[in-house]
Amino acid sequence: MRLKESLITRGQFINGWLSATASLFLTALVYPVLRFLETPGKDVRPTNVALPLKDYALALNSAALFPFGSRPGLLIRTEADEWIALDAVCTHFECTVRYDSGARHIHCPCHNGFFDIHGRNTGGPPPRPLERYQVRIEGDALIISREGAA
């Protein structure tokens with residue numbers, strides 16, 4: 001009984017494997033360049049949001065995340081009873097930042113970046129401050145607005 005002959009030769013297999021590897025390598029080189037050249041999408045965040053005050057009745061020196069369109073926002077109530085709202089997306093690699101009430105600063109856990117409570121970058125790799133929003137209380141709602149839009 002004879003065994004069936006191989007459908008492909010050893011040389012054909014190696015050529016196919018090398019072609020596939022070269023294709024993957026070229027894709028790995030070209031893809032980042034194309035992503036860099038791609039036009040960024042339009043900012044679809046709203047100009048303002050209304051948050052129910054009863055849902056965001058924060059204690060002094062505490063914070064909460066809130067939805068601001070498709071991005072998270074960070075709402076802070078300071079010890080002086082001041083309301084501060086910031087974009088909660090780090091300016092380094094777009095990780096979500098957190099408020100540290102003990103140290104009274106904002107921390108990005110991805111690469112150990114730091115911001116003060118007003119969103120100014122104070123340490124680590126973040127290149128720019130966090131975007132600050134305007135906060136006002138109207139009746140039983142907190143109105144969060146982007147700067148320049150009201």
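Readers should treat all values here as calculations from the given coordinates under stated rules, not as data from a laboratory. Because the structure is predicted, anything quoted here is derived from the model rather than measured. Every residue, glycine among them, receives a Cβ derived from its backbone with ideal geometry; neighbour counts consider all protein chains shown.
At a glance:
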{"item": "Angle between the chain longest axis and helix 10-37 axis [Cα atoms, degrees, rounded to 10]", "result": "20"}
{"item": "Relative contact order, percent, the chain [alpha-carbon distance under 8 Å, six or more residues apart]", "result": "18"}
{"item": "Of Leu86, Ser62, Ser23, farthest towards positive along the dipole that unit charges on Lys, Arg, Asp, Glu beta carbons give the chain", "result": "Ser23"}
{"item": "Only Lys, Arg (+1) and Asp, Glu (-1) charged, at Cβ; the range 94-150 dipole about Cα centre in debye", "result": "160"}
{"item": "Among Asn112, Asn61, Asn121, residue whose mean-square fluctuation peaks in a GNM of the chain (springs only between Cα atoms under 10 Å)", "result": "Asn112"}
{"item": "Helix-derived mean residue ellipticity, 222 nm - over the chain, DSSP H n ≥ 4, -39500 (n - 2.57), to 500", "result": "-6500 deg cm²/dmol"}
{"item": "Distance between the range 45-65 and the range 115-150 - C-alpha centres, whole angstrom", "result": "12"}
{"item": "Full-extension gain in nm, Ser70 to Ala22, via 0.36 nm per residue minus C-alpha separation", "result": "13.4 nm"}
{"item": "Net charge of Cβ neighbours under 15 Å - reference Ser101; Lys, Arg +1; Asp, Glu -1", "result": "-2"}
